[in-house]
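*Asks:* Handing you a structure now.
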Amino acid sequence: MDPIQLNYGNLISPRITLGVSSEDLDGVIGERFKEVMAAVDARRSAGDFGFFELPSSPANSKHVITLADGFRQHFSDVVVLGIGGSGLGARTLRDALLGPDWNNRSGEERDHYPRLHVLDNPDPDTLGALFSRMDPRKTLFNVISKSGKTVETLAQYLVARDWVASSVGEENALRHFIFTTDPNCGPLRHIAETEGVLTLPFPENVSGRFSILSAAGLFPVALCGVDIEALLRGAALMDDRCRTDKLKENPGGILASLLYEAHIKHGQKIHVLMPYADRLSSTSEWFQQLWAESLGKHHLMDGEEKATGPTPLVALGARDQHSLLQLFMEGPRDKVVLFVKVEDHGSEVAIPDRHQDLKEELPYLGGHTMGQLLAAEWRATAEALRRAGCPNATIHLPAVRADTMGQLLMMLEVTTVIAAELYGVDPLGQPGVELGKRLTYDLMSQKGSGKPDIDESDLQWLI
């Protein structure tokens, strides 16, 4: 198995003006890292970080594979109903391992595996348009919610259930749903047990944004033929690499430490994930939730409550060289850019040698490939940012495959929990989003005092 690699030279001084010195990595930062890893290992041993257990859990993969084998031949479309990590996992794996154009391919081009849709936003236009293109008799819905009471997901489920039942009848409709939810409680669990809907367990010690290697992320893509065992083998390899407390030998540890130092010491609080591959665009969105929801927290410092957390930003190379790069080059020095470079795109597309009369504008492209162009764009952008004083690093993927994606996803998850320890916050839970959930519930149910406690004085400013 080819390991992915992290090149962090452009985060180190003197290559970058506002960088971390190699002496500090060997000294005070490296020594602190030993304490940080001890704290992470203690929580891991206590069972708090359940995502570490997923790659080596036979039940995690075997149950998923068995169910996927039994379902896939009966359906032409699979729809994931889930929000946040419950939807981003399937979208990330689909786009990376099947390709963002999967649903546009013919049945023959997909080897007759089903199309895979992810409805992670309760937009009636999107939902209605998708339903109008599918046959309810050939559609399977994977409803994903750890708590089983996520309001957006429940609303989508109710609409989908009615849509399917109106075509195949109430009794037959049950065969078109599978729930991924808490194994013991919640509304979805109650419906499953009382009506006989098949379920997959959402591990109790795995939060939504860390669930991509659980049934929540694996089952939808297993239905489409993805080798999830290779995915988990890659994750296990990265887990092994990230177990050491020797900082320079730990990919997740060195990345977390350097991003933390860039933020705290140099004010570089905006962390950009910029893959140079369309297949990895959704990976940036997945990381955005992981980084923001895990690290954007209140915490106690010197007896006072402080707010902390870097801000993740999604970008895509080379597209965003023509938009965001201007800001990175000449805007505030508050950013770190993390590139993802794919070494082998599988099939290179040759650039034809035409229009020789345009001696300066076109002939230099002929004889090269699109992959070489993309690689040159990455190299040039990384160097331009370095010269401008914008720190950056690059994750090198040998290719976008199941095993390399497993490595990448596990590395970013490990980076997150190590960074949380450095920031002094708990990466689990999301107390900052709970108020919005409660107010949404109040608005929809009109319970409690009879009128939700919402300040609507802003309405006077309508024009």
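The numbers here are math on the coordinates, done by the rules we state, and not lab data. Since we're looking at a predicted model, the values are computed, not measured. Positions of Cβ are backbone-derived with ideal geometry, glycine not excepted, and every protein chain shown enters the neighbour counts.
*Asks:* Going through region 104-205, which GluC sites (Glu not before Pro) have at most 16 other Cβ atoms within 10 Å and a DSSP loop state? Please report the intermediate quantities before stating the final value.
*Replies:* Details: sites: Glu108, Glu109, Glu152, Glu170, Glu171, Glu193, Glu195, Glu204; in loops: Glu108, Glu109, Glu204.
Within region 104-205, the qualifying GluC sites (Glu not before Pro) (loop, at most 16 other Cβ atoms within 10 Å) are Glu108, Glu109, Glu204.
*Asks:* Using Cα positions and a limit of under 17 Å, work out the aspartates and glutamates in reach of Lys335, with same-chain residues fewer than 8 apart set aside.
*Replies:* Glu261, Asp320, Glu383
*Asks:* What residue among Thr92, Gly225, Ile395 has its Cα farthest toward the positive end of the dipole of the chain, where the charges are +1 on Lys, Arg and -1 on Asp, Glu, each on the Cβ?
*Replies:* Gly225
*Asks:* Could I ask something else about it? Using 7 Å Cα-to-Cβ label points, what is the His396/Glu304 separation (nm, one decimal)?
*Replies:* 4.6 nm
*Asks:* Using the Cα atoms of the chain, I'd like the radius of gyration and the largest Cα-Cα distance, Dmax, both in angstrom.
*Replies:* Every Cα atom of the chain included, Rg and Dmax give 23.6, 77 Å.
*Asks:* A follow-up question, please. What is the distance, in nm, between label points placed 7 Å from the Cα along the Cα-to-Cβ direction at Ala46 and at Glu383?
*Replies:* 4.9 nm
*Asks:* What does the extension gain come out to for Asp455 and Lys265, with contour length at 0.36 nm per residue minus their alpha carbon separation? List each step's numbers first, then the result.
*Replies:* Numbers: separation 190, 0.36 × 190 = 68.40 nm, distance 3.89 nm.
My answer for the length gained is 64.5 nm.
*Asks:* Here's a follow-up. Figure the gain on full extension for Glu193 and Asp278 (residue separation times 0.36 nm, minus the Cα-Cα span) and round it to one decimal in nm. If you can, show how the numbers build up before the last one.
*Replies:* Values: separation 85, 0.36 × 85 = 30.60 nm, distance 4.09 nm.
Computed gain between Glu193 and Asp278 is 26.5 nm.
*Asks:* So if each residue of separation counts as 0.36 nm, and I subtract the Cα-Cα distance between Glu361 and Asp111, what length gain in nm does that give?
*Replies:* 85.8 nm
*Asks:* Which of the lysines could a cross-linker bridge to Lys34, judged by Cα under 22 Å and excluding same-chain residues fewer than eight apart?
*Replies:* Answer for Lys34, where 22 Å is the Cα cut-off: Lys246, Lys248, Lys265, listed by chain and number.
*Asks:* Say the dipole of region 76-222 comes from +1 at the beta carbon of Lys and Arg and -1 at that of Asp and Glu; which of Val159, Val80, Val206 then lies farthest toward its positive end?
*Replies:* Towards the positive end, the residue furthest out is Val206.
*Asks:* Along the charge dipole of the chain, which of Ala420, His271, Leu116 sits closest to the positive end, that is, farthest toward it, with unit charges on the beta carbon of Lys, Arg, Asp and Glu (+1, +1, -1, -1)?
*Replies:* Leu116
*Asks:* Before anything else, pin down the relative contact order of region 76-222: Cα pairs under 8 Å, at least 6 apart, normalised by residue count, whole percent. All intermediate terms of the calculation are to be shown ahead of the outcome.
*Replies:* On the way: 244 pairs, mean separation 45.6, N = 147.
Result for region 76-222 is 31 percent.
*Asks:* Right, another one. Using alpha-carbon pairs under 8 Å, 6+ residues apart, how would you state the relative contact order of the chain in percent?
*Replies:* Numbers: 786 pairs, mean separation 98.9, N = 463.
Normalised by residue count, the contact order of the chain is 21 percent.
*Asks:* Starting from the Cα of Ile351, step 7 Å toward the Cβ, then list every residue of region 379-401 with an amide N under 15 Å from that point.
*Replies:* Backbone N within reach: 379-381.
*Asks:* Placing +1 at every Lys and Arg Cβ and -1 at every Asp and Glu Cβ, with all other atoms neutral, what dipole size does the chain have around its Cα centre, in debye to the nearest 20? Each step should come with its number before you reach the end.
*Replies:* Working: 45 positive and 63 negative charges, 45 e Å.
Dipole size: approximately 220 debye.
*Asks:* Can you tell me the Rg and Dmax of region 56-210, counting just the alpha carbons, in angstroms?
*Replies:* That works out to 14.9, 42 Å for Rg and Dmax.
*Asks:* For region 223-270 and region 57-92, compute the distance between their C-alpha centroids and round to whole Å.
*Replies:* First find each Cα centre; the distance between them is then 25 Å.
*Asks:* If you don't mind, there's one more thing I want to ask. In whole angstrom, note down how far apart the Cα centers of region 377-416 and region 313-343 are.
*Replies:* 12 Å
*Asks:* Something else now. Taking 22 Å as R0, compute the FRET efficiency from the Cβ-Cβ separation of Asp69 and Asp227 and round it to 0.05.
*Replies:* Numbers: r = 13 Å, r/R0 = 0.60.
Given R0 = 22 Å and the Cβ-Cβ separation, E is 0.95.
*Asks:* Separate question: For the chain, what is the mean residue ellipticity at 222 nm derived from helices alone (per DSSP H run of n ≥ 4: -39500 (n - 2.57); sum divided by total residues; nearest 500 deg cm²/dmol)?
*Replies:* Details: 16 runs with 204 residues, N = 463.
About -14000 deg cm²/dmol.
*Asks:* Assuming a ≥ b ≥ c are the square roots of the Cα gyration tensor eigenvalues, decide whether region 244-388 counts as rounded (a/c under 1.5), prolate (otherwise, with a/b larger than b/c) or oblate. Walk me through the intermediate numbers first.
*Replies:* Working: a/c = 2.73, a/b = 2.22, b/c = 1.23.
Here region 244-388 falls in the prolate category.
*Asks:* In addition: Which of the lysines could be linked to Lys437 by a straight reach, that is with a Cα gap under 19 Å, when you skip same-chain ones fewer than 8 residues away?
*Replies:* By straight Cα distance, Lys437 reaches Lys146, Lys149, Lys297, Lys447, Lys451.
*Asks:* If you place +1 on the Cβ of every Lys and Arg and -1 on the Cβ of every Asp and Glu, how big does the dipole about the Cα centre of region 76-222 come out, in debye to the nearest 20? Please report the intermediate quantities before stating the final value.
*Replies:* Details: 14 positive and 18 negative charges, 36 e Å.
Charge dipole of region 76-222: 180 debye, to the nearest 20.
*Asks:* Given a Förster radius of 56 Å and the C-beta distance between Ser166 and Glu23 as r, what FRET efficiency does 1/(1 + (r/R0)^6) yield to the nearest 0.05?
*Replies:* Working: r = 69 Å, r/R0 = 1.24.
The computed FRET efficiency comes out at 0.20.
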